[in-house]
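For reference, the structure is listed below as structure tokens.
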Amino acid sequence: MINKQILFYALIIFITSCVSNQGLYLNLTDNKTSLSYLHDTEKKDLDPFISIGVNVKSDSLIFQEKAKVNKISGWCVPLLFINIWDAQKECMMGQEMIKENVGEFIKGSIEEDFRRSGLVKVDSLISPEYNLLLTLEEIKAVGPYRSQGFAYMILIAYGFSFSDVAGPAKSELKLRYKLTKGDQVILKDDVAIEGYTKQLSRYYKSTSDLQLNYGVSMVESLGINIKKASEKVVEEVNSYLTLTAEKFNN
């Protein structure tokens, strides 16, 4: 009987350790995930006559290097024959979870969308006719992680049941852009994109796999935000430049 009790409490310690802040953090950051996505805007084979340079400015404080796991709430009721627990965490994505530097990736994405549009030539090495300055104002992905369950032992019978749920996490990207010609600002706008991951439950081999996939989904959600923001910026700038060229020709 004593051995059964020892096994029971060892089991409790093992299960609850799976949702410790440190354990969850290590699984979220176990593998770096790429922001890469499929560029599916129409690729036009034109002879661009307008040159543009793209630059990105960001404050190092807007996106943290380290991921974070914070305890929101949690309790455990250790009774004589049954233990019940419920723990909820808040998970925050960090640069260390991502393969690419986020600022450089956004710059490259916008340059690629400009090239695909065929309307402008991207050139940052010489003095382009136009300059596009992107200021990153907010980059984040935050979401909940909850673990709850119970374990029991009655005479020679013992067992446990627990459930882990991750998400949905909310990803946000906010940037401001200015299109200049010489010293004159000719176009500017604020762009805000947000998205959500799917809620993941414990249909994985282990909670470690669940937590790892939760981190991957956060990064992928940010990648989708970057795609939408990039396409929006390029569409607005191209529309303005096309309209300006038409007025000039007329």
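Run the quick spin-label model on ASN31 and GLU65: label points 7 Å from Cα toward the beta carbon, then report their separation in nm to one decimal.
Between ASN31 and GLU65, the label points sit 2.5 nm apart.
What nm distance separates the two modelled labels at GLU112 and TYR196, each placed 7 Å from Cα along Cα→Cβ?
Output for this residue pair reads 2.8 nm.
Would you grab the residues whose amide H sits under 5 Å from the one on ASP123? Only those 5+ places off in sequence or on another chain, please, with H modelled 1.01 Å from N.
Amide H neighbours of ASP123, under 5 Å, 5+ apart: ILE52, GLY53, VAL54.
Local charge sum around LEU136 (other residues, Cβ-Cβ under 9 Å, Lys/Arg +1, Asp/Glu -1)?
0
Highest first, please rank the peptides 229-241, 206-218 by the mean number of other Cβ atoms sitting within 10 Å of their residues.
206-218, 229-241
Amide H to amide H, which residues 5 or more places from ILE186 or on other chains are under 5 Å from it, using H placed in the peptide plane?
So ILE186 has HN proximity to LEU179, THR180, LYS181.
Pairs LYS43/LYS89; LYS198/LYS232; LYS68/LYS181; LYS32/LYS205: which are spaced more than 32 Å apart, C-alpha to C-alpha?
LYS43/LYS89; LYS68/LYS181
Since every read-out is calculated from the coordinates, none of them should be taken as a lab result. Bear in mind the structure is a predicted one, so any value in this text is a computation, not a measurement. Glycine also receives a Cβ, built like all others from the backbone with ideal geometry; neighbour counts cover every protein chain displayed.
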